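Only one structure is covered here, and it is reproduced in the block below.
The values are calculated or read from the model by the stated rules, or taken from the named source; none is laboratory data. Please read these numbers as outputs of a predicted model, since none were measured by experiment. Note that we place each Cβ from the backbone using ideal geometry, even for glycine, and neighbour counts take in every protein chain shown.
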């Protein structure tokens, strides 16, 4: 798999972090397997680039359709939140690391925006009639619902969000081919 | 993002293809606004070609519903796949829309007085 990831990586011009060089990524690489990392500016263009990398990763691990959609939807929410609310036009960077841990997909997002724990956001009232419907907090509510685990940490001057999905991908480490 | 329009009687069926997220939503919003300016207020959104929708896309749908209601028009959704349906459900959006299995059924719903 690493070979193909590297091919794609070269194509889309991102850095491949294999096995976790010291200081290369903040995510614990031992649990992420062979992670794919991209560092982008905290802009909408940067967001689009990070999403392209996430899609490459999902294609590589061959996650089932609904699981892929959950990964991509949650990541869009997290990244858009950083660009629109965390940075608000200020310069900053977002580092996205996608990894596979057994049958789990793990995404680690680190950003240089002001300290912000999205998990503390109040959830929106989804029972209001059309006219009163507000969407603030909906993105984070979706992140919680579409992931199996989310955790936040402020460390080294950055926000770190780790998202985990238990998906039905085949674990290459199982080694039990039928 | 690729978006196609099909006019069926008084109804316009809008079929976006791919993902509806914070990168692609502005194009969909602009597309729907231009339809509204052209007086098209009976609208079907056909999701059969949509991989997933994030809250940025839900915002576009909410704006469409409000705008159409003000214009005394109608909106219906069709062809929701598992992922899109799940997000609409989690967001509590299903009660806000008429949801049909196919674009044809949705068009019939929106055509009726």
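One table, with the values for the structure above:
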read-out: Test: residue in the range A:142-160 that is at pLDDT below 90 and touching a helix residue (DSSP H, G or I) at 6+ places or on another chain (Cβ under 9 Å); value: no
read-out: Test: residue in the range A:69-78 that is more than 19 Å from residue A:165 (Cβ to Cβ) and touching a residue at least 12 places away in the same chain (Cβ under 8 Å); value: no
read-out: All positions within the range A:54-93 that are more than 13 Å from chain B (Cβ to nearest Cβ) and part of a helix (DSSP H, G or I); value: A:56, A:57, A:60, A:61, A:86, A:87
read-out: Selected residue (criterion: nearest to residue A:142 (Cα to Cα)) from residues of the range B:47-68 that are at the interface with chain A (Cβ under 7 Å from one of its Cβ atoms) and touching a strand residue (DSSP E or B) at 6+ places or on another chain (Cβ under 9 Å); value: B:54
read-out: Residue A:40 surrounded by fewer than 24 Cβ atoms within 10 Å (Cβ to Cβ), within 14 Å of chain B (Cβ to nearest Cβ), in contact with a helix residue (DSSP H, G or I) (Cβ under 9 Å, 6 or more places away or on another chain) and outside any loop (DSSP other than H, G, I, E, B); value: yes
read-out: Residue identified as surrounded by fewer than 21 Cβ atoms within 10 Å (Cβ to Cβ) and under 17 Å from residue A:126 (Cβ atoms) among B:62, B:58; value: B:62
read-out: Total residues in the range B:16-41, condition surrounded by 22 or more Cβ atoms within 10 Å (Cβ to Cβ), assigned to a strand (DSSP E or B) and more than 14 Å from chain A (Cβ to nearest Cβ); value: 1
read-out: Scan of the range B:65-113 for residues that are outside any helix (DSSP H, G or I), over 18 Å from residue A:127 (Cα atoms) and over 11 Å from the mean Cα position of the chain (by Cα), ordered by number; value: B:71, B:72, B:73, B:81, B:100, B:101, B:102, B:112, B:113
read-out: Checking residue B:91 against (1) touching a helix residue (DSSP H, G or I) at 6+ places or on another chain (Cβ under 7 Å); (2) at the interface with another protein chain (Cβ under 10 Å from one of its Cβ atoms); (3) closer than 19 Å to residue A:67 by Cβ, the condition it does not meet; value: (3)
